[in-house]
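The values are calculated or read from the model by the stated rules, or taken from the named source; none is laboratory data. This is a predicted model, so every value here is computed, not measured. Positions of Cβ are generated from backbone atoms using ideal geometry, with glycine treated the same way; all protein chains shown enter the neighbour counts.
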């Protein structure tokens with residue numbers, strides 16, 4: 001649901017106020033942008049944008065998602081290199097904060113299992129709220 005490409009698409013539409021401008025920014029077709037946003041709204045069960053013939057604006061739910069989306073995207077994009085550093089023996093301290101409205105306990109458990117299976121035992125705190 002919140003994969004990097006979907007987050008990039010959502011952020012681009014929110015920042016440009018336009019599906020076509022977001023498509024230009026991301027070098028995608030307008031149909032692709034529209035489809036990704038439609039799937040995101042279907043998967044979340046909420047409208048994220050108010051649409052007019054000339055522009056789109058964020059709903060309250062869209063504003064809330066945008067307030068988190070940039071951080072999530074940054075985290076998702078940095079995770080492969082961070083995991084590689086852990087795999088290479090670089091020690092670090094990890095604090096995990098999880099929004100319980102967006103992730104189920106099962107999803108959190110799967111994430112933690114994946115982290116520990118990679119050999120990262122440096123998690124010092126987990127906050128779910």
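Of the residues in region 90-100, not one is within 18 Å of residue 5 (Cβ to Cβ) and either out of contact with any helix residue (DSSP H, G or I) (no Cβ under 7 Å at 6 or more places or on another chain) or at pLDDT 85 or above (or both).
Considering only residues of region 14-23 that are without any contact (Cβ under 8 Å) to a residue 24 or more places away in the chain and surrounded by 15 or more Cβ atoms within 10 Å (Cβ to Cβ), which is nearest to residue 57 (Cα to Cα)? Per the criteria, the residue is 16.
Given the options 7, 40, 26, name the one that is buried (at least 18 other Cβ atoms within 10 Å of the Cβ), within 19 Å of residue 74 (Cβ to Cβ) and in contact (Cβ under 8 Å) with a residue 60 or more places away in the chain. If you could, list the steps in order and put the result at the bottom.
Numbers: 40 fails: in contact (Cβ under 8 Å) with a residue 60 or more places away in the chain; 26 fails: in contact (Cβ under 8 Å) with a residue 60 or more places away in the chain.
Being buried (at least 18 other Cβ atoms within 10 Å of the Cβ), within 19 Å of residue 74 (Cβ to Cβ) and in contact (Cβ under 8 Å) with a residue 60 or more places away in the chain holds for just one of 7, 40, 26, which is 7.
Taking only region 1-39 into account, find how many residues are assigned to a loop (DSSP other than H, G, I, E, B), over 15 Å from residue 49 (Cβ atoms) and at pLDDT 95 or above. Talk me through it step by step, then tell me what you get.
Looking only at region 1-39, we keep the residues that are assigned to a loop (DSSP other than H, G, I, E, B), and these are 1-3, 17-18, 27-29.
Okay, now just the ones that are also over 15 Å from residue 49 (Cβ atoms), so 1-3, 27-29.
When the remaining residues are screened for being at pLDDT 95 or above, the result is 27-29.
Here the count works out to 3.
Taking the condition more than 22 Å from residue 111 (Cβ to Cβ), in contact with a strand residue (DSSP E or B) (Cβ under 7 Å, 6 or more places away or on another chain) and either in the same structural domain as residue 104 (by TED's automatic domain parsing) or not in a helix (DSSP H, G or I) (or both), does residue 57 pass? Spelling it out, residue 57 is indeed more than 22 Å from residue 111 (Cβ to Cβ), in contact with a strand residue (DSSP E or B) (Cβ under 7 Å, 6 or more places away or on another chain) and either in the same structural domain as residue 104 (by TED's automatic domain parsing) or not in a helix (DSSP H, G or I) (or both).
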